[in-house]
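Shown next, in structure tokens, is the structure this report addresses.
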Amino acid sequence: MAEDVRPRASWDEYFMSIAQVVATRSTCPRKYVGAVLVRNRTILSTGYNGSIRGMPHCSDVGHMMEDGHCVATIHAEANAIIQAARNGVMIEGATNYVTASPCWNCFKQLANSGVTRICFGEFYRDERIFEIAKQIGIELTHVPLPGVTLPKLPNQGPG
């Protein structure tokens, strides 16, 4: 008698699931974001929203707000790039799996670091990335978040 076999996750689902788990390390409760840099189905680096090394976390001391945004944290994508650099890991040709589409600054950093594909779980804020990605040959792919349970965000209000 055959056993019921659950469907195997695709590679995109697998790495996006890992990005969701990475997001649970975020220290700014305004937005939990995780990023995973992958090449040839191998994880190169991970990153999440967090404070500058050695500085207190938003979750401990509150936010540094400017124009409705917390500017105390370094974004997940930037932290993944930085972590790779600190460890001497080349990310040219990598795919970035990120739980929310990159902001404009993170998109520029991913592009200049040689990332060739960005898979995002939910759209976040900046439409410019779609047109520029087409112009410079970066593939943008929506990969629905696979359902890893994350802590509930507090009410963020408008903006």
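Give the number of residues within the range 129-145 that are exposed (fewer than 15 other Cβ atoms within 10 Å of the Cβ) and at pLDDT below 95.
1
For the range 22-42, which positions are among the β-branched types (Val, Ile, Thr) and surrounded by 15 or more Cβ atoms within 10 Å (Cβ to Cβ)?
Val22, Thr27, Val33, Val36, Val38
So the check is Cβ under 8 Å with 6+ separation or different chains; which pairs have a first residue in the range 82-108 that's under 15 Å from Phe130 (Cα atoms) and open to solvent by 70 Å² or more (accessible area, probe 1.4 Å) and a second one that's in a helix (DSSP H, G or I) and not basic (Lys, Arg)?
Asn105/Ala78
Looking only at the range 1-45, count every residue that is in contact with a helix residue (DSSP H, G or I) (Cβ under 6 Å, 6 or more places away or on another chain), closer than 17 Å to Gly147 by Cα and of a type in the set (A, V, I, L, M) and tell me the total.
Total satisfying the criteria: 3.
Find all pairs meeting these conditions: Cβ atoms under 6 angstrom apart; at least six residues apart or on different chains; first residue within the range 122-145 and in contact (Cβ under 8 Å) with a residue 12 or more places away in the chain; second residue open to solvent by less than 70 Å² (accessible area, probe 1.4 Å) and assigned to a strand (DSSP E or B).
Glu122/Ala100; Tyr124/Ala100; Ala133/Leu140; Glu139/Arg117; Leu140/Ile118; Thr141/Cys119; Val143/Cys119; Leu145/Gly121
The values are calculated or read from the model by the stated rules, or taken from the named source; none is laboratory data. Keep in mind that this is a model prediction, so the values were computed, not measured. Positions of Cβ are backbone-derived with ideal geometry, glycine not excepted, and every protein chain shown enters the neighbour counts. What goes into the accessible areas is simple: the full protein's heavy atoms, side chains included, and nothing from ligands, DNA or RNA. Shrake-Rupley method; radii C 1.70, N 1.55, O 1.52, S 1.80 Å.
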